[in-house]
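> Have a look at this one before I ask anything.
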Amino acid sequence: MKKLLFTLVLLILAAYALLYAVPQHLMQRETAAAAPTFALLTPAPEPQPPVKNGIDALWLLPYRTENDAERARIMREHGAAVMRGETPRELADILLPQPQNNELTCGRNGIECLAAVRAKPQAYRAATEKYAALAANVAQLAAYDTFAQRGWPNDTDNLAELRLPAFQHLLHAPAAAAATEWTNGQHTAAFARLCRSIRTGRALLNGRPGLIYPMIGNALIRKNTELAAAMLAEQPEQATRLPQECDGMFAPLTPAEQSICPAMRDEFHSAANLYRTLARSPYQTAQSLTANLAADNGQADSQWLAGIVPIPTMNAGHTAARTAYAYAPACLPQAAAQLARDQAVSLPPPPPDGFTAKWACLADAQGCILSSTSVPDYTAYARRLQDTSMQQRAFQAALELYRLPKTQRRAALEKTLAAHATPARRLTWDEATRTLTFPHYTQTGNNNTPAPIPLRLE
C-alpha cells in the first residue's frame, strides 16, 4: 500500500513538473531572453513643444475652426465624440459640407486626374467652390511637424479598434482642387497646393499611432507627385517657376523617413495591450480561438496548436516575446543599412517552434496560438516607402531635364538618369510610353504601386 501511494505521489509530482513547473520555467526563460528586443521596441513618448502637433486640426477637418487654441478647446470638450465619428450638438453649426458620391475623386494618378477634370470642368469647378473651406482646412495642415494622437502611448488602447480621422479629405480634396486650378490657368496656385499636401504627407510619415499614419502620408506624397509630374509634362517651363512651397518637397525620402521602426514600436505596444486584455479572460479567449481555428486554420505549422486550445492559459509577457520577431527587425541597424543602399527591405519569417518552445506553450497555450496564426507580415509596408522615394528620384530627374533647353534634354538623358539612380535601382526611359520607370519592390498592378513619371523630351 505504501509503495502504491509512493508511486502515486511520484506520478503526481512528475505530472506537475511536466505539465506546469517545466513549462513555466521555459516560458519565463523565453520571456527573459526577449528583454533586449522589448527595449528596442519601446515606443517614443508623446511629442512635446516645440514640435507642432496637428492632431487636433486633423480630427477637426470637417469643421470650421479659427486657430489652434479653439481646436484644442473643442477636442478637450468634445474630442471623445468627434473621435467616435459623431457630431456633437454644440458643433453642428460649424460642420462644413461633406463631399458626396466621389465629388472630389479624380482618378488613380495624375494623368487620369487631369483628364477627369477636363472632361467635366463645370462639375469639378462647382465641387471645389462648394468645398473650398474643407480644402483650406486640408491646406493648413502643412503648418505642422507631426500628427500624433494625444494620450499615446498608453497601456490600454488597441489600435485595431481606434477610429481614424477623415483621411479621405487629404487624399481627394487637394488633388481635385489643384487639377481644377491647373486647368483654369492658375499654375502657381496649383503647384503650391500640391506641395503643401506633400509637406503634410511627409509630416504624417512620423505621425502616430501605428502604421496607418505613415501609410496615408506615403499615399499623399505619391499621389501629389504623380499629379505634379503630369502637370510638368504639359508645361515643362513651369519647372523653373515652382513656388516657395515646393522647396525640398520633391527630394527623395531619407532613410529615416522611409523607416517603419517608429510605427512598429507603436504596433507592438498595441499588440501587448491586446495580450493583457485577453489574458484577463482566458476561458472566453479559448472559445474564440477554437472557433477561429476551426474556421480557417489548416496550416501545417500550427496544427499542433489545436491540441492545446482548450487549455485556458495565457501569459501576456510570453506572448509578446513570441511576437516581437515580427516588429523588431525594422528597428535593427541592418534595416537602416538596407534603406541607405535602397535594397529591398527584407524582414525575416517567424522562427520555427522547437521542442522546448512547444513545451513552454503549455503555460501559454492561447498566446502561442495568437503568435503563430495572427501576426502579419510587415515587409510590404516598408517597401511602399522605398518605391515612393524612388518615384521622387524619377521626378527629380524629370525636373532637372526640364530645366535644360529642350534641344539638350535627350542628349543629357542617360547622364541625368544615372545621377538619380541608387546603388540598387536604375531609372529607365521608356520610349513607347514616354515615361521614366524603375523596378518596383511592391507588387505591381495595385493601388500601392507608384505610376511612371511622364517625361516630355522635345
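> Residues of segment 347-389 being more than 17 Å from the chain's Cα centre (by Cα), surrounded by fewer than 16 Cβ atoms within 10 Å (Cβ to Cβ) and not hydrophobic (A, V, I, L, M, F, W, C), which ones?
P348, P349, P350, P351, P352, G354, T356, K358, S374
> What pairs come up if the first residue lies in segment 25-50 and is charged (D, E, K, R), the second is modelled with pLDDT of 95 or more and not in a loop (DSSP other than H, G, I, E, B), and their beta carbons are under 7 Å apart, counting only those six or more places apart or on different chains?
Going by the 7 Å Cβ cut-off, the qualifying pairs are E46/A148.
> Tally the residues that are in a loop (DSSP other than H, G, I, E, B) and loosely packed, with under 12 Cβ neighbours inside 10 Å, restricting the search to segment 413-458.
The total comes to 10.
> Can you confirm whether segment 47-64 contains a residue that is assigned to a helix (DSSP H, G or I) and not hydrophobic (A, V, I, L, M, F, W, C)?
Checked segment 47-64: at least one residue is assigned to a helix (DSSP H, G or I) and not hydrophobic (A, V, I, L, M, F, W, C).
> Within segment 65-78, is there a residue that is modelled with pLDDT under 95 and either on the phi > 0 side of the Ramachandran plot or among the small types (G, A, S) (or both)?
Within segment 65-78 (the criterion being modelled with pLDDT under 95 and either on the phi > 0 side of the Ramachandran plot or among the small types (G, A, S) (or both)), the answer is no, since none of the residues qualifies.
> Can D342 be described as among the charged types (D, E, K, R), under 30 Å from T240 (Cα atoms) and touching a residue at least 40 places away in the same chain (Cβ under 8 Å)?
yes
The values are calculated or read from the model by the stated rules, or taken from the named source; none is laboratory data. Fair warning: this is a prediction, and the values are worked out from it, not measured in the lab. Cβ coordinates were reconstructed from backbone atoms using ideal geometry, including for glycine residues, and neighbour counts include every protein chain displayed.
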